[in-house]
Amino acid sequence: MESFPVLVLSSVAVIIISQLLKVLLNLIWRPYAITKWYREQGIEGPEYKFMKGSMEEIRNLKSSAQKVPMDINSHDFTPRVLPHYLKWMPLYGITFFFWFGSMPRICITDMELVKQVLSNKSGFYPKSDAGPEMLALLGKGLVLIDGPDWARHRRVVNPAFTIDKLKMMMRKMTGCAKSMIEGWENQIAQEKSKQAEIELHKHFLELTADIISHTAFGSSYIKGKEVFLSQKELLTLAFSALFNVQIPGFGYLPTPNNRKRRRLDKKVRTTLMQIIHVRMKSRDGEYGNDLLGLMLETCLAAGKENDNNKMTMDEIIDECKTFFFAGHETTSHLLTWTMFLLSTNEDWQDKLREEVLRECGIEVPTADMLSKLKLVNMVLLEALRIYGPVTIISRKASQDMELGTIKLLKGTTIAIPIPILHRDKEIWGPDADKFNPLRFENGLSKAAKHPNALLAFSIGPRACIGQNFAMLEAKVVIAMILQRFSFSISPNYVHEPIDIITLQPKSGLQVIMRPIQA
C-alpha cells in the first residue's frame with residue numbers, strides 16, 4: 001500500500017499537470033482554433049504571439065507614433081492614438097481580427113454593425129471584462145456592470161439626471177466657474193501687458209472636480225476632492241496596466257503597483273463611506289438635492305417599499321466612484337478641446353461670443369439662456385466629434401451569434417474605434433477631417449449620413465446617463481469665459497493628443513487670455 005506522502009505527491013502532480021494542460025489549451029490551442037475560425041470567414045489579422053498576442057506590437061507602434069510631431073492645424077490624431085488600426089486596416093480590411101493578450105478582438109467600422117451592437121437590448125453584447133485597476137478606478141457602477149444589476153442601478157440613478165434636477169445644480173456650476181474666472185482676472189491684472197498665458201487643462205481638471213464635488217457631495221465637497229486626487233493616481237495605474245500581459249492571479253500578488261492600488265482603493269472607499277454616513281445621520285430622512293442625496297433618497301426611501309430599487313452600501317460607493325471619474329474627467333477634456341478649437345479658430349470664437357452676449361448679456365447664464373445658444377451647442381458637438389474623450393468602445397459576444405455576415409464566437413471582444421468612425425468621409429462628408437460646426441446646424445441626427453454617427457456618449461440603452469449633465473456644465477463654462485475674455489493659442493502650446501484612458505493634451509493647453517474690457 002502506498003504511503004500517505006506518495007499519495008499527496010501524486011495528487012499534487014495530477015493538479016499541476018491538469019493546470020498545465022489548461023494553460024496550453026487556453027494559450028496555444030484555443031488561439032489557433034479561434035484564428036482558424038475567423039480566417040475561414042475571410043477575417044484576417046496579425047499573427048498571435050504566445051500570451052502577448054498583438055500587445056507588444058501595439059505598444060511599439062504607439063511609442064513610435066507619439067514621437068512624431070503633429071501640426072497644430074491638423075485634427076487627425078489617429079496616427080498617434082490608434083497607429084495599429086491604421087497599419088492593420090490596409091493590410092487586412094476594415095473588419096479585422098487581433099489578439100489583446102490571449103483575448104480575441106474584432107474591429108468593426110461599419111456603422112450599421114456598430115448600431116446593432118450598441119442598440120441591442122437583449123444583453124447579447126455586454127461590457128468587456130475590466131481588470132482590477134479599472135475596477136478600483138470606476139467600481140462596479142453603471143459603466144461596468146451588466147444585466148439585471150445594471151437595470152436596477154439605472155432605475156435608482158435616473159431621477160438624479162432629470163432636466164429639473166440638473167437645473168437645480170446650475171448655481172453650483174456657475175459659482176465654481178466664477179471662482180476660476182476671477183482667479184484668471186486677478187492673474188491678468190498683475191501683468192503689464194494685461195494678458196496672461198494660462199494652462200487651461202489643469203484649471204479645467206480642478207474646475208470639474210470642484211463642480212462634481214459640490215453637485216455630488218454638497219457640503220462634503222472638500223472630502224469629495226480627496227477622492228479626485230486618489231482617482232488621478234488610480235487612473236495612472238489603470239493606464240500603465242492597459243497593455244501589459246494579464247497573468248491570471250497576478251493582481252493578488254503583493255507587487256508595488258498592486259499594493260498602491262489597494263491602498264488608494266481603500267482610501268477612496270473610506271472617504272466615500274464617511275461622506276455617506278454623515279449624510280445619513282444628519283439629514284433625518286432628507287438626504288439633499290445633490291447627486292448623492294438623490295441616489296440615497298431613491299435607494300433608501302423607495303427601497304423600503306420596493307426591493308427592486310434597493311442597493312447595498314458597496315453599490316452606492318461604486319456609483320459614487322463612477323460619477324466622480326466620469327463626471328469630472330470627461331467633461332474637463334471636452335472643455336479643454338473646445339477651448340483649443342476656439343483658440344485656433346477665432347472667427348468661430350467671435351461668432352459664439354456675439355451669440356452669448358446677445359442671449360445672456362454679462363449676467364450669469366440661466367438654463368433658459370443656455371437653451372438659446374445654438375452655435376455654442378454646435379461647437380461642443382463638433383468638439384465631441386473631433387476630440388471625443390473616449391477612443392474605443394468595447395463589447396463582447398455573450399454567446400456564439402451572427403453579427404451581419406460575421407459568425408462571432410462567445411467571448412470575442414468587439415472593438416469600435418470612435419476616432420476612425422468620426423473621420424469617415426463616407427459618413428461625415430469630404431470635410432470630415434476639418435472643424436466645421438455647421439454640420440450640426442440642422443440637428444444631431446442630420447449631421448451625417450447615418451443618424452447615430454456621433455458616438456462620443458455612445459448610443460442605445462447604454463448611452464452615457466450623464467451626457468446632459470456634461471453638456472450643461474460645458475455650456476455654462478464656455479459661455480462665462482466668452483463673456484469676459486478673448487483668447488488665442490499660445491506659441492508655447494505643443495499639439496500632442498494622447499489617450500490616457502481618455503483623450504487629453506499631453507503637455508496641457510497653453511492659451512493667451514485677454515479681458516474683453518481691457
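A few comments on the model shown:
- Filtering region 160-207 to residues that are in contact (Cβ under 8 Å) with a residue 24 or more places away in the chain and among the β-branched types (Val, Ile, Thr) leaves Ile163, Thr174, Ile181, Ile188, Ile198.
- Test result for Ser179, of a type in the set (Gly, Ala, Ser) and either buried (at least 20 other Cβ atoms within 10 Å of the Cβ) or more than 23 Å from Thr215 (Cα to Cα) (or both): no
- Some residue of region 154-167 being crowded, with 23+ Cβ neighbours inside 10 Å and within 30 Å of Gln399 (Cα to Cα): yes
- Taken as a whole, the structure leaves Ile222 outside the set of residues that are modelled with pLDDT under 85 and either within 19 Å of the chain's Cα centre (by Cα) or closer than 16 Å to Val476 by Cβ (or both).
- Considering region 375-421, the residues that are in a strand (DSSP E or B) and small (Gly, Ala, Ser) include one that is surrounded by the most Cβ atoms within 10 Å (Cβ to Cβ), namely Ala415.
- Taken across region 53-73, residues that are of a type outside the set (Val, Ile, Thr), at pLDDT below 90 and touching a Ser or Thr at 6+ places or on another chain (Cβ under 9 Å) do occur, with at least one present.
- Residue identified as crowded, with 21+ Cβ neighbours inside 10 Å and in a loop (DSSP other than H, G, I, E, B) among Tyr85, Tyr125: Tyr125
- Qualifying residue in region 94-106 (condition: small (Gly, Ala, Ser), assigned to a loop (DSSP other than H, G, I, E, B), at pLDDT below 90 and over 22 Å from the mean Cα position of the chain (by Cα)): yes
- Some residue of region 488-511 being part of a strand (DSSP E or B) and either under 12 Å from Ile181 (Cβ atoms) or free of Cβ contacts under 8 Å to residues at least 24 places away in the same chain (or both): no
- Region 1-41: number of residues that are more than 15 Å from Leu409 (Cα to Cα), of a type in the set (Gly, Ala, Ser) and modelled with pLDDT of 70 or more: 0
- Test set (1) modelled with pLDDT of 85 or more; (2) touching a helix residue (DSSP H, G or I) at 6+ places or on another chain (Cβ under 8 Å); (3) more than 30 Å from Met55 (Cβ to Cβ) - Arg171 fails condition number: (2)
- Residue in region 190-198 that is assigned to a loop (DSSP other than H, G, I, E, B), surrounded by 14 or more Cβ atoms within 10 Å (Cβ to Cβ) and either at pLDDT 85 or above or of a type in the set (Lys, Arg) (or both) present: yes
- Among residues of region 452-473 being in a loop (DSSP other than H, G, I, E, B) and crowded, with 21+ Cβ neighbours inside 10 Å, the one that is farthest from the chain's Cα centre (by Cα) is Leu454.
- Verdict on Leu113 being touching a strand residue (DSSP E or B) at 6+ places or on another chain (Cβ under 7 Å) and surrounded by 15 or more Cβ atoms within 10 Å (Cβ to Cβ): yes
- Residue check for Glu359: outside any loop (DSSP other than H, G, I, E, B), without any contact (Cβ under 8 Å) to a residue 24 or more places away in the chain, among the charged types (D, E, K, R) and under 26 Å from Ala453 (Cβ atoms): no
- Answer residue from region 422-451, given it is out of contact with any Asp or Glu (no Cβ under 9 Å at 6 or more places or on another chain) and under 21 Å from Thr331 (Cα atoms) and is surrounded by the fewest Cβ atoms within 10 Å (Cβ to Cβ) among those: Leu444
- Listed conditions (1) without any contact (Cβ under 8 Å) to a residue 40 or more places away in the chain; (2) buried (at least 19 other Cβ atoms within 10 Å of the Cβ); (3) among the basic types (Lys, Arg) are all met by Lys372, apart from (2).
- Among the residues of region 479-518, those that are of a type in the set (Ser, Thr, Tyr) and surrounded by fewer than 20 Cβ atoms within 10 Å (Cβ to Cβ) comprise Ser486, Ser488, Ser490, Thr502, Ser507.
The values are calculated or read from the model by the stated rules, or taken from the named source; none is laboratory data. Everything numeric here is computed off the predicted structure, so don't read it as measured data. All Cβ positions, even for glycine, are placed from backbone atoms using ideal geometry, and neighbour counts span all protein chains on display.
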